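Q: Pasting a structure here, questions to come.
The values are calculated or read from the model by the stated rules, or taken from the named source; none is laboratory data. All figures in this text were calculated on a predicted structure; none of them were measured in a lab. Positions of Cβ are backbone-derived with ideal geometry, glycine not excepted, and every protein chain shown enters the neighbour counts. Side chains are part of the model used for accessible areas, which takes the heavy atoms of the whole protein and leaves out ligands, DNA and RNA. Shrake-Rupley method; radii C 1.70, N 1.55, O 1.52, S 1.80 Å.
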Amino acid sequence: MQSFPAVDPIPLPAPIWLLKLLHIVTLSLHFVAVEMLLGGLLLAVLLSLFRGSPQSLVTARALARRLTVVMTFVINLAVPPLLFAQVLYGRALYTSSVLIGLYWISIVAILILTYWLLYRFSARLEAGESAWWVGLSAWLLAGCIARLLSTNMTLMLRPEVWRDMYSASAAGAYLPTGDPTLTPRWLLMLAGGLFIGGLWLIYLSGRSTFTAEEKRFVASLGGKVAAVFGLVYLTAGLWAAGVQPAVVKAGLATHPLYKFAGFAGYGWLALVVVAVLVGILAGFGKISIGLSGFLAWTGVLLAVLVEITFTVYRDGVRDLTLLSKGYDVWDRAVVTNWGVVGLFLVLFVAGLGVIGWLVSVVARARKVMEGAISI
Ligand code: HEM
């Protein structure tokens, strides 16, 4: 019996390799922003709860101020991969989205609430009020969104459970059960948050808006967090890879195309190890100003490369899982309109340029000292 809906009347308007490339680039950027949000928020909450030193509050405030901006990037960098995923995997992704429809649509409401709580968290910290519970609520909600996304991205790979789920509820009122890959995958993203959050702090420690003492505190904390949670992230990654079906593991090792995704997995592993070493250096070493600037930018580069290799590997896992169930993403009718594709690419590159410029504006803004309280 055919598991995937057969209706796919419109041919793809661009080569599949190009759509996949754009998907991986944009999704990697979404993941960088997501991890900054999940990790940066939890760190800010803990720092504002356990105010061990004046620098704790300064760091919490510095993170919270930036999180509302990070959220903008989370959302705007989420839409392109959603569109590319729908184009490439629509018959699987639409089906799983409908099956958990109530939860899927609830993401919009949860997201709005999370965003509002982020603003409240930052405002309360700025006003010197107790804020940790507001930030913690925002983090828990963001974690729920992550869980729902992991749920959908794994349910789309399990056509064998779709029929029973639809029989149980056509209103999308049930979540799937019994998938051994779901929880490791979700925890991997949560652990990645603290790891990337640590690297983010190492980068922030280079900001001229901190005093010398604050810089030392931020770098040392960021380094320790990146080192410890880099190891947790590694463990979660090995767990998530280990629970994949045998056919997927075999494909990642031997399939002529997807063994490159397997290589990306090893690349991810090596990069996380390097990042852990950078964390150890920043967290425990005595570092000169010159070296700290170098470490800050190395951390940024590593964070981006880690997410790219992760996304390539994850893409291989998805394609091989679907392939084993009869869905070959490469087997689609393509009618390329090169004029439109060319125009799209020009606008896409211009868009990336604008994002880069916006990030640089954010990085250069706020020349007030981080410790200053503005009400
Ligand atoms: C607080 C906000 C958000 C968080 C914490 C978050 C988190 C995540 C996580 C954890 C995943 C990986 C799931 C997995 O594969 O296991 C993911 C993937 C994804 N997210 Fe987000 N996300 C957020 C907002 C959004 C929004 C607003 C959208 C849509 C406009 C979105 C679109 C996507 C898509 C399409 C994927 C998967 C794409 C693919 O696999 O091809 N996300 N997100």
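Q: Can you tell me which residues in the range 54-75 are within 9 Å of the ligand (Cβ to nearest atom) and open to solvent by 40 Å² or more (accessible area, probe 1.4 Å)? Reasoning before the result, please.
A: Of the residues in the range 54-75, the ones within 9 Å of the ligand (Cβ to nearest atom) are 71, 74-75.
Ile75, the sole residue that qualifies.
Q: Here is a follow-up. Give Gly316, Gly267, Gly351 a once-over and let me know the one that is open to solvent by less than 60 Å² (accessible area, probe 1.4 Å), assigned to a helix (DSSP H, G or I) and at pLDDT below 95. Working first, answer last.
A: On the way: Gly316 fails: at pLDDT below 95; Gly267 fails: at pLDDT below 95.
Result of the check over Gly316, Gly267, Gly351: Gly351.
Q: Still on this model: Looking at (1) under 17 Å from Thr59 (Cβ atoms); (2) at pLDDT below 95, which is the only condition Glu129 fails?
A: Exception for Glu129: condition (1).
Q: Taking only pairs six or more apart or across chains, which ones have beta-carbon atoms under 8 Å, a first residue in the range 312-323 that is within 10 Å of Gly262 (Cβ to Cβ) and of a type in the set (Gly, Ala, Ser), and a second residue that is outside any helix (DSSP H, G or I) and open to solvent by 10 Å² or more (accessible area, probe 1.4 Å)?
A: Final answer for the pair search is Gly316/Tyr258.
Q: With the requirement that a residue be open to solvent by 60 Å² or more (accessible area, probe 1.4 Å) and of a type in the set (Val, Ile, Thr), what does the range 335-346 give you?
A: Val335, Val340, Val346
Q: Which residue is nearest to Val34 (Cα to Cα), if the candidates are limited to the range 144-161 and must be open to solvent by less than 20 Å² (accessible area, probe 1.4 Å) and more than 7 Å from the ligand (Cβ to nearest atom)?
A: Ranking the candidates gives Leu148 first.
Q: Please enumerate the residues belonging to the range 126-143 that are open to solvent by 30 Å² or more (accessible area, probe 1.4 Å) and within 9 Å of the ligand (Cβ to nearest atom). It would help to see each step written out before you state the result.
A: Initial filter on the range 126-143 (open to solvent by 30 Å² or more (accessible area, probe 1.4 Å)): 127-130, 132-133, 136-137, 139-141.
Within the range 126-143, Leu141 is the sole residue that qualifies.
Q: Ser48: open to solvent by less than 10 Å² (accessible area, probe 1.4 Å), of a type in the set (S, T, N, Q) and closer than 17 Å to Ala146 by Cβ, yes or no? First the steps, then the outcome.
A: Numbers: open to solvent by less than 10 Å² (accessible area, probe 1.4 Å): yes; of a type in the set (S, T, N, Q): yes; closer than 17 Å to Ala146 by Cβ: no.
In short, no.
Q: Can Thr254 be described as at negative phi and open to solvent by 10 Å² or more (accessible area, probe 1.4 Å)?
A: On the way: at negative phi: yes; open to solvent by 10 Å² or more (accessible area, probe 1.4 Å): yes.
The answer is yes for Thr254.
Q: Identify, by number, the condition in (1) part of a helix (DSSP H, G or I); (2) aromatic (Phe, Trp, Tyr); (3) open to solvent by 10 Å² or more (accessible area, probe 1.4 Å) that Tyr233 doesn't meet.
A: Looking at each condition in turn, Tyr233 falls short on (3).
Q: Sticking with this one: Under 8 Å between Cβ atoms, which residue pairs at least 6 apart in sequence (or on different chains) link something in the range 148-166 that is more than 16 Å from Arg91 (Cα to Cα) with a partner that is charged (D, E, K, R)?
A: Ser150/Arg185
Q: Which residue out of Leu238, Leu194 is within 22 Å of Ser28 (Cβ to Cβ) and open to solvent by less than 40 Å² (accessible area, probe 1.4 Å)? Give the steps one after another, and end with the answer.
A: On the way: Leu238 fails: open to solvent by less than 40 Å² (accessible area, probe 1.4 Å).
Only one candidate qualifies: Leu194.
Q: Search the range 75-88 for residues that are in contact (Cβ under 8 Å) with a residue 12 or more places away in the chain and pair each with any residue that is more than 9 Å from the ligand (Cβ to nearest atom) and open to solvent by 50 Å² or more (accessible area, probe 1.4 Å) when their beta-carbon atoms are under 7 Å apart and the residues are at least 6 apart or on different chains.
A: Close Cβ pairs (under 7 Å, with a partner that is more than 9 Å from the ligand (Cβ to nearest atom) and open to solvent by 50 Å² or more (accessible area, probe 1.4 Å)) amount to Leu77/Leu29.
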